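Visitor: Before I ask anything, let me first share the structure, which is written out below as structure tokens.
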Amino acid sequence: PYLPFREVSALRYVALTLVFLISIIVVLPALLARGCGRPFPEDVELGLGEPYKVDVYDVGSGRLVTMGLERYIMGVVAAEVPASFGFEALKAQAIVARTYAVKRMRAFGGRGCERYPGADICTDPAHDQAWASDEQLRSRWGFFGYRRWWPRVEQAVLETRGLVVCWNGQPIDPVYHSTCGG
């Protein structure tokens, strides 16, 4: 049936108003709530139940921070390789980064960080491995980038949880670098 022009305009106005209100009342708070409160997950939240803690000297803040090994590895993977790399590359980086850390951890007979006594490892990529905090990643990736990239990093680390590369029963020294000049 034929609707007069004024009724069509009114219906369109009502429909647009409803869409706007639904997005403001439902969608926007859902997006904000999902992205606001979740820093690096604690080991207990992940169900890791791991006893392994690593003492990390955070060069950026100048503090010694103790955290779960897998939590540390998530920050290393996010800092060392672009999260857009292939998923298997992220998993390989997680294994190499974990092996590097375990090789240095005093709990496993490692020597610890030579530059910062009391630390197993530091966040200076020229000396040990790069590491990014949750705040740094949120700043680097932005709101939507964080929501896109963090789950990939987290999943790659969790799928390789506990895996290290060994030779004759000992962790190898998996030195790696981001750039090769030939």
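Visitor: Among the residues of the stretch 65-83, is there at least one that is in a strand (DSSP E or B) and open to solvent by 20 Å² or more (accessible area, probe 1.4 Å)? Show your work before the answer.
Guide: Within the stretch 65-83, the first condition is being in a strand (DSSP E or B), and the residues that meet it are 65-68.
Going one step further and asking which of them are open to solvent by 20 Å² or more (accessible area, probe 1.4 Å), we end up with 65-66.
There is at least one residue in the stretch 65-83 that is in a strand (DSSP E or B) and open to solvent by 20 Å² or more (accessible area, probe 1.4 Å).
Visitor: Any idea which of Glu88, Glu50 is modelled with pLDDT of 95 or more and not in a strand (DSSP E or B)?
Guide: Going through Glu88, Glu50 in turn, just one is modelled with pLDDT of 95 or more and not in a strand (DSSP E or B): Glu88.
Per-residue answers, yes or no, for (1) among the β-branched types (Val, Ile, Thr); (2) touching a Ser or Thr at 6+ places or on another chain (Cβ under 6 Å); (3) surrounded by fewer than 17 Cβ atoms within 10 Å (Cβ to Cβ); (4) without any contact (Cβ under 8 Å) to a residue 40 or more places away in the chain:
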site	(1), (2), (3), (4)
Glu88	no, no, yes, yes
Ile95	yes, yes, no, no
Thr123	yes, no, no, no
Ala126	no, no, yes, yes
Trp131	no, yes, no, no
Gly145	no, no, yes, yes
Trp149	no, no, no, no
Gln170	no, no, yes, yes
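Visitor: Moving on. Of (1) open to solvent by 20 Å² or more (accessible area, probe 1.4 Å); (2) in contact with a strand residue (DSSP E or B) (Cβ under 9 Å, 6 or more places away or on another chain); (3) part of a loop (DSSP other than H, G, I, E, B); (4) not β-branched (Val, Ile, Thr), Arg161 satisfies all except one. Which?
Guide: With (1) open to solvent by 20 Å² or more (accessible area, probe 1.4 Å); (2) in contact with a strand residue (DSSP E or B) (Cβ under 9 Å, 6 or more places away or on another chain); (3) part of a loop (DSSP other than H, G, I, E, B); (4) not β-branched (Val, Ile, Thr) applied to Arg161, the lone miss is (2).
Visitor: Okay, next question. Determine, yes or no, whether Ser178 is of a type outside the set (D, E, K, R), at pLDDT 95 or above and open to solvent by 90 Å² or more (accessible area, probe 1.4 Å).
Guide: Numbers: of a type outside the set (D, E, K, R): yes; at pLDDT 95 or above: no; open to solvent by 90 Å² or more (accessible area, probe 1.4 Å): yes.
So Ser178 fails the test.
The values are calculated or read from the model by the stated rules, or taken from the named source; none is laboratory data. Since we're looking at a predicted model, the values are computed, not measured. Reconstructed Cβ throughout: ideal geometry from the backbone, glycine too, with neighbour counts over all protein chains shown. SASA here: full protein model, heavy atoms, side chains in, ligands and nucleic acids out. Shrake-Rupley method; radii C 1.70, N 1.55, O 1.52, S 1.80 Å.
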